[in-house]
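Participant: Have a look at this one before I ask anything.
No lab work stands behind these numbers, since they all come straight from the coordinates. What you are looking at is a predicted structure, and each value in this text was computed from that prediction instead of being measured. Ideal geometry is used to build each Cβ from the backbone, glycine not excepted, and the neighbour counts take in all protein chains shown.
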Protein chains: 2
Amino acid sequence: MMAEVLSIGDELLIGQVINTNQAYIAEQLNSVGVSVARMMTVGDDQTMIIKSFEEAFARCDVVVVTGGLGPTHDDITRSAVCKFFQTDLVVNEEALERVREFFRRRGLAPRKINEDQALVPRSCTVIQNSIGTAPGYLFEQRGKYFIVMPGVPFEMKAMTKSFVVPFFTQRASGVVIQHRTLKTTGIGESFLAEQIGDVNEIIPPNSGMTLAFLPSPTGTRLRITALAKSIAEAESGIRNAEEKLRSKAGKYIYGAEEEEMEQVIGKLLAERRLTLAVAESCTGGLIADRITNVPGSSNYFERGIVSYSNESKVADLGVPLALIHHHGAVSREVAEAMAFGIRVKANADIGLSTTGIAGPTGGSAEKPVGLVWIGYSDRNGTLALRFNFGDDRRRVKERASQAALELVRRKLLKLDQ
Amino acid sequence: MMAEVLSIGDELLIGQVINTNQAYIAEQLNSVGVSVARMMTVGDDQTMIIKSFEEAFARCDVVVVTGGLGPTHDDITRSAVCKFFQTDLVVNEEALERVREFFRRRGLAPRKINEDQALVPRSCTVIQNSIGTAPGYLFEQRGKYFIVMPGVPFEMKAMTKSFVVPFFTQRASGVVIQHRTLKTTGIGESFLAEQIGDVNEIIPPNSGMTLAFLPSPTGTRLRITALAKSIAEAESGIRNAEEKLRSKAGKYIYGAEEEEMEQVIGKLLAERRLTLAVAESCTGGLIADRITNVPGSSNYFERGIVSYSNESKVADLGVPLALIHHHGAVSREVAEAMAFGIRVKANADIGLSTTGIAGPTGGSAEKPVGLVWIGYSDRNGTLALRFNFGDDRRRVKERASQAALELVRRKLLKLDQ
């Protein structure tokens, strides 16, 4: 089945609110074999709304509408729905009781505009709202489905989980869609494509499968999509493609789905009972921040030092001042001394360091903005690698933090650099 | 002028990526008097893409397309654009030079697929990409405009700012829309509303102006919107409303527009030639990360210590171990000792500290998850404040970092707590 997702609301058209509903609905529909062919957003304008209903319902099997069901004057979706389906409003007793209960629990009396939310289109199936006051609607017509839900994200999500997903799970007709995303870093999109080679060898042509490259500043995601007759068939196709991708570019793949590098590192450190300490200059605390986003990181993260001054590099990390004067703070030698220094100072198994020029100023011909040295130290030795991460300050910090954590991952897994 | 915003990409249709581009583009178009009538999202499918081009360009004066301009096989927007405008591809020398320069700066050689990004539709005006490798395109036809940009948010934003906004500023006719956003923190949305009182006293009824409350975990933004005949008229209405808002709730307003707390603090510290050092436990480096996002922060940020272990609190900050044992690491006493310790150790004017329970584990009845002590020390003395920031780990870190920086702001401006 093919679906269109339609959002209604002026707040979206003026860019005041980022639309997170469409992505959520698409993901949920996908999981039960309903593909989304198109997403649309229109404003609080009855003519536009009805026109978009007509277009979408003509093109697709499923239309999911959100927004404009609230109690105030600018919520006009319900009346547009009535016009579109040529029906009128009736009181839904269960919805009315829910509105009253909603206010009772808050020690308040509902106003007429609140009770009016229990008025629903006569010809629909009511989707009760377990969290808020506006019910949703389902219309079935010639094997097609038209669903209307409130735009408030948590109300919409509750209805989607409790009603929409089970509804389509029962009706899913054959096709199943599955996705698998592999996350790579340390290699540019085009070099990764070269490494992977002919896509037809990964994904058989006409197999209902696709491979997408999704780049971001900290790495490229590889997304395998399979359309199949059964979950088992889709999963086997994906497994196959994943194996081939891993055989071509495995060392760049650090995680899958929503997994973050700091979670991957955290798991590896915890398994090996190793501790980590970091000394950051140009990343300014971002590495420590990322590591400590992971629950339980206090078990392996010992401390972090953000050494923005030479004094701190000397006092907190034991970097010889002469080394800084001789090579400059942004140098292989200082990166190595920082990584070694924090490891010894913190009595940790691994020391990690960054020193670089985040910009926008401070660059020179020899040491341009974006130049970053990343240092690594463990009991087997100390080294530093040189990178250039471009000229946007925040981006330099993000890419440097990712490369530093990736260096730890490769060392722990004994992958080549 | 009316616009439609069109996003292209399977990653959007499967809900893998939340579309933030549409809101950004809408906001920017609005600011120069171009209203957005509709937003659409379609997948990487040439037929669908061309169909949506036809629909949108027929209905509106301006179409803004993003996505699908990358170098890999799944990027098909360029060929769809060529078909739609019945044109072919030519090399754009400036774009080619930019691609080569992009790789040169990274010490890499561009591949053919990278250089191919300099191939652009013959009949378009090229919008150069100052950050990435894919140029954008502008087509003008019968007084209508068709713009194509990459989907990578920061590249799209750079093109919008440098090209799209100035382009339509020249061509805008009639109504002007202006926004002004004031950022508050340290007060809940409903308390802020109470403080501000009757909105009609801030914004004259029927004036074409509106006031919106936009809450987020780290504070509530107040957004004034004015529709007017001229920029001068809109600006004067906004100035008036802003003055009234400031007289009612001024001390909670720390900045305006996209200004971040760390920029506000940075400016205050630089003006006063004061230095800051931070000792973080539960915020895990986020405060240092935020401070060092600001260019020039090395002038006032001396160092940061992320003390995740008691050993580090003792060794790096001089907190007496007995104090930790007696009061616990999450306590007023330890927060104060950390703030004082980092100030003295770093020889800085101001010491700032956090210690708390970010969760999800580690809480108790007496010290629940979300409890955070924030310490502050300057030559006039040392203090600590107690907060509870809820039970989501990342949110606790964000809210604690915001409250810590806000404490510095209030101290520097001598506002009451």
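Participant: Could you tell me whether A:Leu383 is farther than 14 Å from A:Val278 by Cα, surrounded by fewer than 24 Cβ atoms within 10 Å (Cβ to Cβ), more than 14 Å from chain B (Cβ to nearest Cβ) and in contact with a strand residue (DSSP E or B) (Cβ under 9 Å, 6 or more places away or on another chain)? Let's see the steps before the verdict.
Facilitator: Working: farther than 14 Å from A:Val278 by Cα: yes; surrounded by fewer than 24 Cβ atoms within 10 Å (Cβ to Cβ): yes; more than 14 Å from chain B (Cβ to nearest Cβ): yes; in contact with a strand residue (DSSP E or B) (Cβ under 9 Å, 6 or more places away or on another chain): yes.
Criteria met by A:Leu383.
Participant: While we're here: For residues that are of a type in the set (A, V, I, L, M) and surrounded by fewer than 24 Cβ atoms within 10 Å (Cβ to Cβ), scanning just region B:343-370, find the one that is nearest to B:Val330 (Cα to Cα). Full working, then the answer.
Facilitator: Kept after step one, since they are of a type in the set (A, V, I, L, M), are these residues of region B:343-370: B:344, B:346, B:348, B:350, B:352, B:357-358, B:365, B:369.
From what is left, the residues that are surrounded by fewer than 24 Cβ atoms within 10 Å (Cβ to Cβ) are B:344, B:348, B:365, B:369.
Working: B:Val344: 21, B:Ala348: 24, B:Ala365: 13, B:Val369: 11 Å.
Top of the filtered list is B:Val369.
Participant: Identify all residues within region A:314-343 that are away from chain B (no Cβ under 14 Å) and touching a residue at least 60 places away in the same chain (Cβ under 8 Å); write none if there are none.
Facilitator: Listed by number, the list holds a single entry, A:Ala339.
Participant: Out of all the residues in region A:243-297, which are of a type in the set (Val, Ile, Thr) and in contact (Cβ under 8 Å) with a residue 12 or more places away in the chain?
Facilitator: Within region A:243-297, the subset of a type in the set (Val, Ile, Thr) is A:253, A:264-265, A:275, A:278, A:283, A:287, A:291-292, A:294.
Once the filter is applied, which keeps residues that are of a type in the set (Val, Ile, Thr) and in contact (Cβ under 8 Å) with a residue 12 or more places away in the chain, region A:243-297 yields A:Ile253, A:Val264, A:Ile265, A:Thr275, A:Val278, A:Thr283, A:Ile287, A:Ile291, A:Val294.
Participant: Criterion first (buried (at least 24 other Cβ atoms within 10 Å of the Cβ), more than 9 Å from every other protein chain (Cβ to nearest Cβ) and not hydroxyl-bearing (Ser, Thr, Tyr)) does B:Ile287 satisfy it? Talk me through it step by step, then tell me what you get.
Facilitator: On the way: buried (at least 24 other Cβ atoms within 10 Å of the Cβ): yes; more than 9 Å from every other protein chain (Cβ to nearest Cβ): no; not hydroxyl-bearing (Ser, Thr, Tyr): yes.
It is false that B:Ile287 is buried (at least 24 other Cβ atoms within 10 Å of the Cβ), more than 9 Å from every other protein chain (Cβ to nearest Cβ) and not hydroxyl-bearing (Ser, Thr, Tyr).
Participant: May I pose another question? Going through region B:3-18 one residue at a time, which ones are of a type in the set (D, E, K, R) and either more than 7 Å from chain A (Cβ to nearest Cβ) or out of contact with any Ser or Thr (no Cβ under 9 Å at 6 or more places or on another chain) (or both)?
Facilitator: The initial filter retains those residues of region B:3-18 that are of a type in the set (D, E, K, R), namely B:4, B:10-11.
Scanning region B:3-18 gives B:Glu4, B:Glu11.
Participant: Can you tell me how many residues within region A:145-164 are within 21 Å of the chain's Cα centre (by Cα) and hydrophobic (A, V, I, L, M, F, W, C)?
Facilitator: Selection size over region A:145-164: 4.
Participant: Here are some residues: B:Gly43, B:Gly33. Which one is free of Cβ contacts under 8 Å to residues at least 60 places away in the same chain, closer than 26 Å to A:Ile49 by Cβ and small (Gly, Ala, Ser)?
Facilitator: Numbers: B:Gly33 fails: free of Cβ contacts under 8 Å to residues at least 60 places away in the same chain.
Exactly one of B:Gly43, B:Gly33 is free of Cβ contacts under 8 Å to residues at least 60 places away in the same chain, closer than 26 Å to A:Ile49 by Cβ and small (Gly, Ala, Ser), namely B:Gly43.
Participant: Could you please find all residues in region A:19-43 being in a helix (DSSP H, G or I) and either at the interface with another protein chain (Cβ under 7 Å from one of its Cβ atoms) or buried (at least 21 other Cβ atoms within 10 Å of the Cβ) (or both)? Step through it out loud before you land on a result.
Facilitator: Let us first name the residues in region A:19-43 that are in a helix (DSSP H, G or I), namely A:21-31.
Hits for region A:19-43 are A:Asn21, A:Gln22, A:Ala23, A:Tyr24, A:Ile25, A:Ala26, A:Glu27, A:Leu29, A:Asn30.
Participant: May I ask you to list pairs of residues, at least six apart or on different chains, whose Cβ atoms are under 9 Å apart, with the first in region A:344-371 being within 11 Å of chain B (Cβ to nearest Cβ) and farther than 12 Å from A:Arg303 by Cα and the second being in a strand (DSSP E or B) and aromatic (Phe, Trp, Tyr)?
Facilitator: A:Gly370/A:Phe387; A:Leu371/A:Phe387
Participant: Of all the strands (runs of 3 or more DSSP E) wholly in region B:211-309, which have at least 2 residues that are among the basic types (Lys, Arg)? Reasoning before the result, please.
Facilitator: Values: elements: B:219-228, B:253-256, B:276-280, B:301-307.
Per the criteria, B:219-228.
Participant: Please go through (1) within 25 Å of A:Gly186 (Cα to Cα); (2) in contact with a Ser or Thr (Cβ under 7 Å, 6 or more places away or on another chain) for A:Leu274 and return the number of the only condition it doesn't satisfy.
Facilitator: (2)
Participant: Another question, if that's okay. Taking the conditions exactly as written (among the hydrophobic types (A, V, I, L, M, F, W, C), assigned to a strand (DSSP E or B) and within 30 Å of A:Leu192 (Cα to Cα)), does B:Val65 satisfy them or not? Before the answer, list the steps.
Facilitator: Working: among the hydrophobic types (A, V, I, L, M, F, W, C): yes; assigned to a strand (DSSP E or B): yes; within 30 Å of A:Leu192 (Cα to Cα): yes.
In short, yes.
Participant: For region A:44-69, give me the residue count where each residue is more than 8 Å from chain B (Cβ to nearest Cβ), of a type outside the set (Asp, Glu) and surrounded by fewer than 18 Cβ atoms within 10 Å (Cβ to Cβ).
Facilitator: Looking only at that region, the number is 6.
Participant: Look through B:Glu311, B:Glu302 and report the one residue that is at the interface with chain A (Cβ under 8 Å from one of its Cβ atoms), within 28 Å of A:Thr355 (Cβ to Cβ) and touching a residue at least 24 places away in the same chain (Cβ under 8 Å). Spell out the reasoning first.
Facilitator: Details: B:Glu311 fails: touching a residue at least 24 places away in the same chain (Cβ under 8 Å).
Only one candidate passes the filter, namely B:Glu302.
Participant: Cβ-Cβ distance below 7 Å, separation of 6 or more or different chains: which pairs start in region B:174-199 with a residue that is at positive phi and end on one that is surrounded by 15 or more Cβ atoms within 10 Å (Cβ to Cβ) and among the hydroxyl-bearing types (Ser, Thr, Tyr)?
Facilitator: Hits for this filter: B:Gly186/B:Tyr252.
Participant: Report whether or not A:Arg399 is touching a residue at least 40 places away in the same chain (Cβ under 8 Å), outside any loop (DSSP other than H, G, I, E, B) and touching a helix residue (DSSP H, G or I) at 6+ places or on another chain (Cβ under 8 Å). Break it down into steps so the answer makes sense when it comes.
Facilitator: Working: touching a residue at least 40 places away in the same chain (Cβ under 8 Å): yes; outside any loop (DSSP other than H, G, I, E, B): yes; touching a helix residue (DSSP H, G or I) at 6+ places or on another chain (Cβ under 8 Å): no.
In short, no.
Participant: Sticking with this structure for a sec: Between B:Ile18, B:Ile50, B:Ile25, which is more than 22 Å from A:Ile14 (Cβ to Cβ) and touching a helix residue (DSSP H, G or I) at 6+ places or on another chain (Cβ under 8 Å)?
Facilitator: Details: B:Ile18 fails: more than 22 Å from A:Ile14 (Cβ to Cβ); B:Ile25 fails: more than 22 Å from A:Ile14 (Cβ to Cβ).
B:Ile50 is the lone residue from the list that is more than 22 Å from A:Ile14 (Cβ to Cβ) and touching a helix residue (DSSP H, G or I) at 6+ places or on another chain (Cβ under 8 Å).
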